[in-house]
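A short write-up of the structure that comes next.
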Amino acid sequence: MGTLFLTRQTLTHDDVDPAMPTVTVPTTDPAISGIMGSARVAYRF
């Protein structure tokens, strides 16, 4: 028996433009990818 999970997270946020403090600039951070899994081996007799 086993499981496998793949994840991907993205983040978009608004930064303030230093030249014009009343203007916000949408910024995207790099995506984060992850993998997690487990396996179980059992023997019954």
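Each value in this text was obtained by applying a stated rule to the coordinates, not by laboratory testing. From a predicted model like this one, the values you see are computed outputs, not experimental measurements. FYI the Cβ positions are ideal-geometry reconstructions off the backbone, even for glycines, and counts take in every protein chain you see.
The C-beta contact set for the range 6-20 (first residue touching a residue at least 40 places away in the same chain (Cβ under 8 Å) and within 30 Å of G37 (Cα to Cα), second residue assigned to a loop (DSSP other than H, G, I, E, B) and among the acidic types (D, E), distance under 9 angstrom, 6+ apart or interchain) is empty. Scanning the range 25-36 for residues that are touching a His at 6+ places or on another chain (Cβ under 9 Å), in a strand (DSSP E or B) and surrounded by 10 or more Cβ atoms within 10 Å (Cβ to Cβ) gives a single hit, T27. Within this structure, D29 passes the test of being in contact with a Leu (Cβ under 9 Å, 6 or more places away or on another chain) and among the acidic types (D, E). The residue pairs whose first member lies in the range 21-45 and is over 17 Å from T10 (Cα atoms), whose second member is polar (S, T, N, Q), and whose beta carbons are closer than 7 Å, counting only pairs six or more residues apart or on different chains, are G37/T3; S38/T3.
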